[in-house]
1. Quick one: which strands (runs of 3 or more DSSP E) lie wholly within the range 151-215 and hold at least 2 residues that are of a type in the set (F, W, Y) and at pLDDT 95 or above?
2. Kindly indicate whether R122 is closer than 17 Å to S185 by Cα and touching a residue at least 12 places away in the same chain (Cβ under 8 Å).
Amino acid sequence: MACVEKPQMDTDPCSTSVPICAHQFAFQPQKSTVKGHVDFHPTITFATNLRRLHPQVPLVNIPTVFFRILRHAVVHKPVVRPTGEAHIRFSTRTLLIVVAFVAFALASVFAVSRWVDPFDDRNFDSQQWATASSDNRAPMARDVVSRVRGMDRDGVIELLGQPGDRLDSATDAGGHPLRGAEVFSYYIGSWSMHGMDDAFVYVHFDTDGAVIHSEITGY
């Protein structure tokens, strides 16, 4: 079977001219509805064989090469081999399967990261809270939120210490609405994977100094 040289692909790091042979990548023959034609579909052995046959292609660029070949096969006309009636083409179904798998993997990672609560990993300890860094306070934050409910301003200060900031506006810097007459803000670090570059424990007080709401929020 003759090899077809993969064309130069823009200025991509992996766009060196690499001879690509269909038989080298373990394409599996399938029966075709057209007499005398054979369809070939790529399998997961692509990366292994590409690395073995063409070690000059860096490992990091193998996915790029794979997707470019798939795209070229789908967008452009099928390649006809001058070997009798054999006909080689890529299946659009294969491309859709690959795209669906990648999308599913990314969605799974996102869902797991959202499901695991970094603010509910430890029970509150006043001594650890007083000496811990902002990020190390975060695992106790969910317990803090439940403990301060029903307390007054003096009790919260005794439990958590002086707040990092006292807010009395309608919203915070991120546009989050604030309740009551005053809000104590305790910074608990940066949690970008959970949608908060800056995260806080907010304790909301009414005009009498009683806690009316507590929460973990950020922006």
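1. Working: elements: 165-167, 182-187, 199-205.
So the answer is 182-187, 199-205.
2. Considered against the rule, which asks whether it is closer than 17 Å to S185 by Cα and touching a residue at least 12 places away in the same chain (Cβ under 8 Å), R122 comes out as no.
The values are calculated or read from the model by the stated rules, or taken from the named source; none is laboratory data. Since this is a predicted model, take the numbers as computed values, not measurements. Quick reminder, even Gly has a Cβ in these numbers, built from the backbone with ideal geometry, and neighbours come from all protein chains shown.
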